[in-house]
1. Contact list please: Cβ distance under 8 Å, first residue in the stretch 42-62 and closer than 13 Å to GLN82 by Cα, second residue surrounded by fewer than 18 Cβ atoms within 10 Å (Cβ to Cβ) and of a type in the set (Ser, Thr, Tyr), pairs at least six apart or on different chains.
2. So LEU94 clears everything in (1) in contact (Cβ under 8 Å) with a residue 40 or more places away in the chain; (2) more than 19 Å from SER56 (Cβ to Cβ); (3) of a type in the set (A, V, I, L, M) except one condition, right? Which one?
3. If I filter the stretch 63-84 for residues that are farther than 20 Å from GLN39 by Cβ, surrounded by 15 or more Cβ atoms within 10 Å (Cβ to Cβ) and charged (D, E, K, R), do I get at least one hit?
4. Could you please give the count of residues in the stretch 54-91 that are of a type in the set (S, T, N, Q) and under 19 Å from LYS116 (Cβ atoms)?
5. Does the stretch 7-19 contain at least one residue that is among the acidic types (Asp, Glu) and over 24 Å from ALA110 (Cβ atoms)?
6. Considering only residues that are surrounded by fewer than 16 Cβ atoms within 10 Å (Cβ to Cβ), of a type outside the set (Gly, Ala, Ser) and assigned to a loop (DSSP other than H, G, I, E, B), which ones fall in the stretch 1-29?
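We did not get these values from a lab; they are worked out from the coordinates using the rules stated. Note that the structure is a prediction, hence the values are computed from the model and not measured. With ideal geometry, Cβ positions are generated from the backbone for all residues, glycine too; neighbour counts draw on all protein chains shown.
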Amino acid sequence: MEVPILKQGDYLIATIQAALTDADLLKLHYALVEKVGKQRSKGVIIDVTALDVLDSFATRTLRSLAHMVRLRGATTVICGIQPEVAFTMVQLGLTLEGISTALDLEEGLALLMLSKRREV
């Protein structure tokens, strides 16, 4: 399943609408890292609101993606982590250390705008 990546001003927004296979996650990973450079994006939002599970591979892939995006000069915010998902991630010791998170897309955009203002 292909994840749509939308451009909103200086930002890219990827909304994951259903559970992804490992191959789909890797496609998203490489597509976002490439688009950050092509679009000269300042930030990336990954919306996981529709997901009721984030396994260890998905968590590692999102963490890796955020670090690569940072090396490309942009900031990543992951938004929409459901309470059950957060609970399970903590129980399993899965972290998104060093990555900004937000409750929803609106808050994610606000975080990116705030970080952009701090850099100026």
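1. Taking only residues 6 or more apart or on different chains, the pairs are ASP47/THR15; THR49/THR15; ALA50/THR15; VAL53/THR88; LEU54/THR88.
2. The single condition LEU94 does not satisfy is (2).
3. yes
4. Filtering the stretch 54-91 down to residues of a type in the set (S, T, N, Q) leaves 56, 59, 61, 64, 75-76, 82, 88, 91.
From what is left, the residues that are under 19 Å from LYS116 (Cβ atoms) are 75-76.
Selection size over the stretch 54-91: 2.
5. no
6. MET1, GLU2, PRO4, ASP10, GLN17, THR21
Every residue, every condition in (1) out of contact with any strand residue (DSSP E or B) (no Cβ under 7 Å at 6 or more places or on another chain); (2) more than 17 Å from ALA14 (Cβ to Cβ), yes or no:
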position: THR76; (1), (2): no, no
position: CYS79; (1), (2): no, no
position: GLU84; (1), (2): yes, yes
position: MET89; (1), (2): yes, yes
position: LEU92; (1), (2): yes, yes
position: GLU97; (1), (2): yes, yes
position: GLU106; (1), (2): yes, no
